[in-house]
Each structure stands twice: as structure tokens, then as C-alpha cells.
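First up is the structure itself, then whatever we jot down about it.
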Amino acid sequence: MHTETVQLDGHIIDSLVLSKVLDIILLNGGLYEISRFDVGSTRTDMTHAEIVIKANSRELLENIVHQVGQHGAARDVEEAHSAPAPSDGVFPDGFYSTTNLDTHVMVGGKWHLVGKTEMDCAIVLTGDGASTVAACKPLHKIAKGDQVVLGDRGVRVTPAARREPGSIFSFMGSEVSSERPKELIIAGLADTMRRAKSEGKKTLFVGGPAIIHTGASDALEGLIRQGWIQVLFAGNALATHDIEKALYGTSLGVEIATGAPTSHGHEHHLRAINVIRSAGSIKDAVDSGILKTGVMKACIDEGVDFLLAGSIRDDGPLPDVVTDAVKAQDRMRELIEGVGIAIMVATTLHSVATGNLLPASVQTICVDSDADTVIKLMDRGTHQAFGLVTDCEFFLKELARQLKAL
Amino acid sequence: MSTQTKPRLLMCPPTAYSLDYVINAWMSLENQPDVDLAATQWAELYRTLTEVVGAEVELIEQASNAPDMVFTANAGLIDRRPGTNRILLSRFRHAERQVEVPFFRNWFEAHGYECLEPAEKQFYEGEGDALFVGDILVAGYLKRSDIASHTWMAEQLGVQTLSLELTDGRWYHLDTAFFSPMPGRVVYYPGAFDSYAVQVIEQNFETIVVEENEALRFACNSVVLGKSIVMPSGCPILTSKLEAWGFTIYPVELSEFLKAGGAAKCLTLHLP
């Protein structure tokens, strides 16, 4: 529902102008709420009404606002307030905290679309008056003197657009699904990925190590090799076990082919990390012929941008892992430019971290065997996510089969 | 309007009256006014107002580039409260008429008036769209004046203001379809207004409804001075209804001004 607030002043009761304005809203298919009403106490006192107009589409809303404007209902054109940041990395008091939804700010009598949509940031204004540029900026990137929007006056947030009809996301809605025909849902996702690819949008894959442990890495590798994934976010573990599998045929010491534990297998992952550290980087290991298969090898071969973000429990870590969390976030921000679909599989940590950075316009699916992961993601504001509760091996193999990548 | 003191009006002799542009439904470049006849008709209106009805008329000289300046009702609206000497000057919707404002401003300033103007981008056309019914200011909007100007007038004058929407381009100003012969009573043509406005008029005032053919003769564009009403000629039905209310009607032929969409009221502005 789109909303706009208008103010109506004058002898609006005696003139029936208030009745007329409300009738116009309803007759045009809108709804209203009178959020403020101050009735004059004498015949010459004027009445003030603040009316919130609601409509299903922005076009309808604009049409209604235009019509009632002729009868004196003036749109709130209050300018956004702003103040300079008091020092590097600090927002001024009363700053406006962003959502991941499309947002506009009123500056110089004009609505400006806020760029780099991201939740939990501030809006920074650059330039003057009508030529102002507005963009989201995270706390650590704020420089002293940055002009930061304060309060919510002059800020307009657009609710998420209706899901594209025919896409998997349209019939899934924004909810967790554990009791739906999964093959059908995955077929829908495959269709959405085909459409995104044809529109030149990138697909982002966020994965956890269970993909390797369960033997689903061949499917993921196939998807990468077939050009279905352009960006990969993961941690030290996914890459480590993928490389362990490539070098020793095990994941966490268990033979992927037979499911049997191997002697001294628990050391394999550390030996794998050591091999890569010795080579210099994953790419160096590929170039020197040490790393011949696997997900990471496919990323290097296919030019997929990947970001491995470190965590406090990491062994090693691999030399490619970015251990500074803030630097990792910034790299993720760079890599999500142009992403249209995000597929998050079997990782709570990286799914939530990615969800925090994505605009709500990115179609997001979160797959986990535990519904809790999906719920956590949505609770942290990634309301656009659709959750599919299933095993990651089944999901990836089915997706690869649908996309003929296996 | 008190009948005790001599009523005062502002008029503009038609020395540069012509039809050079089309800004309302009455105007047509093919239907030019006879300017000599117009001068004769204006002189007869002036004579009726001054000699017959007994009004005192002030004159303003017409500017050569302002053909519609003869319609002084659109100059603004006088603050009638005792002790004030103010006029709320117009901001015309059409650029063709905006040229009149500095001439009116000069005249009023030279005669000791404080001149106020509406906010920028807010159109408002003086007595053309604002008429008193007793203590209530009735104001028209949409065709020429913006409704926002009504709030401004109400604030400046401290009066209750009823806003009426005009819906037919032939009655583009309130004073083409509405007048008040006395407090509490209104003469109007309903076809010029939307249904809300008609309801407001009927709820607040005792009314005489004008027939369409007389509304098209600009019967409502009449000047009321006490118990005398100077009305465009050719409106016998309204004449007899107003006579029943105790008024004396003085018809004046104003055919050459009707070609520009104006008549008796448009040619006069009430002064305090």
C-alpha cells in the first residue's frame, strides 16, 4: 500500500471541502485515515485536517493526490532535515536509520531516490538543492562533515513491489515452506534464474560447508561451470572442505565416495589449508596445477567473484579469507552491485550477513534443513526472503538437474 | 453595504478597451466589440450608478496594454473593516491580465492603501471570485482563483470563508453566477457550480435561482447599492423576483462587454 500525507486548511467543514476531498479519495479507489483534526472553535476559526491517503499503486496515489490538490489538500513537501556528522564514523544525533526498501528524500522541493539501498545505514546528501544526490552510507564509512538526514520528515519509503507474476517468488510469498512440493519450487527458481540471466542480472550464491559434507559440491560446481552463478559468498570452511575433497577425497575426514572415515582424516582439512598457504592463494594453487577440481577451482576457471569472510573459530585460515569483518562487508557491498537473485544455502551466519546488505528488490531464497535459519534471516529485516526447508544436497542436485548443469 | 453613507466604487473608462486575446469561453477574435458602442454603454452605466443610484465613483486611467483593465472588480478585494485601509491585490492566472496589477497597485498606493499580495504561484482574482454575503465571504475557485487563496483571504480579513467550486467555463468567476442583494440572501445559477457548492449555498442562505438563459445574459453580474440593483438588460424573470424582495432594478445594456465575458459587476469594484 502506497501512502501520502496531505494537509487541508480553511473553512473546510462549512464549505463541504473536507467531504469532497474524502469522497474523491474513495471514488478513485483510495483509502484515507485522518491522522490529525483540529476543528476551529468559532465561526471564523479555521479547521485543519491531516489526511493520510492510501492506494494500491503509486500511479493511483499520484492521481488522487493531484485531484485533491485542486481542492486545497496540499501534499507534505517538507524538506528533509540534515546535519553534519560530528566526526568520522559517527552519525549526528537523531539520524534517520534506513530500511532495505526503495527510499526517496525531499530536498530542494524534489524527491530524490536514495542510492545504494541498504538497511541500518544513514542517508548522506551531497550536492545542493534540486541537484542533490542521496545515498545510504554505513556507520564506519561516515566522514566528519557528511550531511546526514535526520528524523523521518521528508523521507518516503516505498513498500516492496508486488512479486513478479509467474516467478517462483510470486506464489511462494514471503514465508517459510517445509510442506510444499519442493521440486515445483525449485523448478520455479530455475525459471527465475533463466529470466535473470537473460536480463543480464547476476546470481549470488551464499553457501555453508554442509554443501561439501553432503556431497552436493558437484552440483554447485556444475552450476558455476554452466554460468548460473556470478558471485559466491562463503566462509573459510566451505572453501577448506572443498579443497580437502579435491586433494584427499574427504570432507572432515570422511570419504565422500564411500562415506567411510579415513585414518588421520581429521587432519586433512588442516593439511589442505597448509597446501594453499604454501602455494600463496587458491588461484596460485590452481595456476600451479595443485588444485584440479572442486567449487573453488571452478570459481577461478569461470571468473566468478568470491568473497570468503573469516570467523573467530576458523582454522588456518586460507590466505584468501578476509579476516577483518568490516573489510569483508565492504567487499560484499561492492560485489552485490547488479545482483538480481540471491540463493543462500546451509549457512546462518553468511545468509544474515548478506541479507543485511541486500536491497529488498533482490529476490532472495534461503534453503536450510532448519527452519530457524530462515526465520532468523527474516527477523533481521530481510523480509523479501523466501525460505525452503530442505536438505542442501537434494536442493542443489535438483536445481542443477533442472538447469541441466549435472 | 450600509445605506447610510454614499456607496463608493472604482471604475475604469474604456479608453483602450479591445479584444486582443482569448482567455474565456465568451471571447472570440471573430466577435470583436464595437469600441464606440462600448464607450456609450459604459457611460450609461456610469451615469446610472452616479446620477440615478447615487454612488460615488472613483476613476482609474486605463493602460494602453491592458484591454481588460476596465473590469476593475478583478483588481482585488478591499478589507472592509473600519480603520483598515488595505486591499488584497490579485494575482491573475493569465499573463495577459497580470500586466494590470502594477497599474492598480500604483492607484491604490497613491490613494493611501496598503497593498497585500497572495503567495507566489497562488492565483486569486479579487472581487471576481470573492463576494460578501453579510459577514460571510463567499469565494469561487478552480477556474481562475486557487482554493489556497481562500485561506489567505480568510486569515487576512478574519472572516468565515465558504469555498465554492466553479465547474463551467462560461461562468469562470464567482461574480458571473452569484451575487448577494442583502445579508443572508443570494441570487445564483446552480449550473455554474458543483453539487457540494450548491448544497453549501442552499444550507446557508435564502436563495433565488436564476434561469439559464438569464444566467447567460450575466444576470448575476449585477451591482447592488442598498435597495437598488444595476443589472445587465434582458433579465425580466430575475427582475420580477427581486422586485418581490423589494428591490428596484436598473437595467443597462452591456452587450459589448459581454463579448469579453464581463458586465456591470465586473466593471466596478467596491471601495470602503
query: Of all residues in the stretch A:303-326, which are surrounded by 13 or more Cβ atoms within 10 Å (Cβ to Cβ), free of Cβ contacts under 8 Å to residues at least 40 places away in the same chain and assigned to a loop (DSSP other than H, G, I, E, B)?
result: A:Thr323
- prompt: For the subset of the stretch A:112-135 comprising residues that are charged (D, E, K, R) and closer than 18 Å to A:Thr158 by Cα, which member is nearest to the chain's Cα centre (by Cα)?
  reply: A:Glu118
Checklist (1) of a type outside the set (Gly, Ala, Ser); (2) surrounded by fewer than 21 Cβ atoms within 10 Å (Cβ to Cβ); (3) touching a Pro at 6+ places or on another chain (Cβ under 9 Å) applied to A:Cys121, failing item: (2)
task: Name, by its number, the condition in (1) without any contact (Cβ under 8 Å) to a residue 24 or more places away in the chain; (2) surrounded by 16 or more Cβ atoms within 10 Å (Cβ to Cβ); (3) within 14 Å of chain B (Cβ to nearest Cβ); (4) not hydrophobic (A, V, I, L, M, F, W, C) that does not hold for A:His112.
output: (3)
message: Name the residue that is surrounded by the most Cβ atoms within 10 Å (Cβ to Cβ), counting only residues in the stretch B:227-272 that are of a type in the set (Phe, Trp, Tyr) and in a loop (DSSP other than H, G, I, E, B).
response: B:Phe247
- line: Of the residues in the stretch A:285-333, those that are closer than 30 Å to A:Asn100 by Cα and among the small types (Gly, Ala, Ser) number 6
statement: Turns out the helices (runs of 4 or more DSSP H) fully within the stretch A:245-302 with at least 3 residues that are over 18 Å from A:Ala234 (Cα atoms) are A:268-279, A:282-287
message: So, in the stretch B:160-177, exactly how many residues are within 14 Å of chain A (Cβ to nearest Cβ), crowded, with 24+ Cβ neighbours inside 10 Å and outside any strand (DSSP E or B)?
response: 1
- prompt: Taking the condition buried (at least 20 other Cβ atoms within 10 Å of the Cβ) and either out of contact with any helix residue (DSSP H, G or I) (no Cβ under 8 Å at 6 or more places or on another chain) or among the acidic types (Asp, Glu) (or both), does B:Leu29 pass?
  reply: no
query: If we scan the stretch A:73-95, do we find a residue that is in contact with a Lys or Arg (Cβ under 6 Å, 6 or more places away or on another chain) and under 30 Å from B:His150 (Cβ atoms)?
result: yes
statement: When every residue in the stretch B:140-154 that is more than 9 Å from chain A (Cβ to nearest Cβ) and outside any loop (DSSP other than H, G, I, E, B) is compared, the one farthest from B:Asp79 (Cα to Cα) is B:Gly140
Those residues of the stretch A:8-53 which are of a type outside the set (D, E, K, R), surrounded by 13 or more Cβ atoms within 10 Å (Cβ to Cβ) and in a helix (DSSP H, G or I), in sequence order: A:Val17, A:Leu18, A:Ser19, A:Val21, A:Leu22, A:Ile24, A:Ile25
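Listed residues A:Gln329, A:Gln363; which is farther than 18 Å from A:Ala234 by Cα and either among the polar types (S, T, N, Q) or out of contact with any His (no Cβ under 6 Å at 6 or more places or on another chain) (or both)? Don't jump to the end; show me each part of the working.
Details: A:Gln329 fails: farther than 18 Å from A:Ala234 by Cα.
Just one listed residue meets the conditions, A:Gln363.
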- request: Could you identify the single residue in B:Thr5, B:Thr15, B:Thr84 that is within 30 Å of B:Ala148 (Cβ to Cβ) and of a type outside the set (A, V, I, L, M, F, W, C)?
  value: B:Thr84
field: Sole residue being in a strand (DSSP E or B) and of a type outside the set (A, V, I, L, M), chosen from A:Gly355, A:Gly340
entry: A:Gly340
- prompt: Got at least one residue in the stretch B:181-198 being touching a residue at least 12 places away in the same chain (Cβ under 8 Å), touching a Phe, Trp or Tyr at 6+ places or on another chain (Cβ under 7 Å) and within 11 Å of chain A (Cβ to nearest Cβ)?
  reply: no
query: Hey, A:Leu22 hits all of (1) within 30 Å of A:Thr132 (Cβ to Cβ); (2) more than 11 Å from chain B (Cβ to nearest Cβ) but one; which does it fall short on?
result: (1)
Selected residue (criterion: farthest from A:Leu16 (Cα to Cα)) from residues of the stretch A:55-80 that are within 14 Å of another protein chain (Cβ to nearest Cβ) and among the aliphatic types (A, V, I, L, M): A:Val77
message: Looking for something more than 11 Å from every other protein chain (Cβ to nearest Cβ) and in contact (Cβ under 8 Å) with a residue 40 or more places away in the chain - is there at least one such residue anywhere in the stretch A:25-34?
response: yes
message: Checking B:Glu206 against (1) surrounded by fewer than 19 Cβ atoms within 10 Å (Cβ to Cβ); (2) within 14 Å of chain A (Cβ to nearest Cβ): exactly one of these is not met. Which one?
response: (2)
Candidates B:Leu137, B:Leu157, B:Leu116 - the one that is more than 14 Å from chain A (Cβ to nearest Cβ), closer than 11 Å to B:Leu77 by Cβ and aliphatic (A, V, I, L, M): B:Leu116
task: Among the numbered conditions (1) away from chain A (no Cβ under 14 Å); (2) over 20 Å from B:Ala264 (Cα atoms); (3) modelled with pLDDT of 95 or more, tell me where B:Ala75 comes up short.
output: (2)
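Condition test on B:Arg217, is it at pLDDT 95 or above, over 23 Å from B:Ile78 (Cβ atoms), assigned to a helix (DSSP H, G or I) and within 16 Å of the chain's Cα centre (by Cα)?
no
The values are calculated or read from the model by the stated rules, or taken from the named source; none is laboratory data. Worth saying up front: this structure is predicted, and the values here are computed from it rather than measured. Neighbour counts are summed over all protein chains in view; Cβ atoms, including those assigned to glycine, are modelled from backbone coordinates with ideal geometry.
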